[in-house]
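Before any comments, here is the structure.
A short reminder: the numbers here are calculations on the coordinates, not readings from a lab. Computed from a prediction, not measured in an experiment: that's the story for all the values here. So basically every Cβ, Gly included, is an ideal-geometry build from the backbone, and we count neighbours across all protein chains shown.
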Amino acid sequence: MAIYSLSLSLGPVSLISAVPLILPLSSLGTALGVLKSGSNVGSTIADILVGLLQDSDPEHGYDGVMRFYVWCSTGSAACAVWLWVVDRQWYAGVLDMNDEERKAWSDMRREENMEEEADGKLKWLNWVYGGLYGAGLVASWVLFFVFVFNAGEK
């Protein structure tokens, strides 16, 4: 349990500290706000699911809850691998660069983005991520209101 708690405290720190390495400072506030909002969405959904899993167990045990957390941990590991691949494939390993390399990469990237914007290319992956975020946001609000309004009926 101590290792799990340690991972919960160190995992988000590394994710949050990577944001300023990738984005320009002019976008940092928005990015951190979206990151926090996404974290709250996930927390809302997970809390409700954990409660449902525990309530559905006839003995009100934690077997279903522990399976859920194992699946979440597996998903987190898969996301970590995905982020590593994205960093290597599309960001040239920016998370491992020193300051000089990162500045040169950032300048080059800024020029490429200007060219892409002039060409009108859409970043389809941004739409996927935005769609997932939007779906999670809607799901968290729906679950919240369903359980708030149904709480008095039990």
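By the gyration tensor of its Cα atoms, with a ≥ b ≥ c the square roots of the eigenvalues, what is the shape of the chain: rounded for a/c under 1.5, prolate for a/b over b/c, or oblate? Prolate, since a/c reaches 1.5 and a/b exceeds b/c. Charge tally around Gly64: other residues with Cβ under 12 Å, Lys/Arg +1 each, Asp/Glu -1 each, net -3. Structural descriptor for the chain: relative contact order 31 percent, calculated from alpha carbon pairs under 8 angstrom and at least 6 residues apart.
Between Val65 and Val13, the simple spin-label model (points 7 angstrom out along Cα→Cβ) gives 2.6 nm. Positive contributions from Lys and Arg (+1) and negative ones from Asp and Glu (-1), summed over other residues with Cβ under 13 Å from the Cβ of Arg102, come out at -3. Taking other C-beta atoms within 10 angstrom as a stand-in for reagent exposure, Glu111, Glu59, Glu101 fall in the order Glu59, Glu111, Glu101, fewest first.
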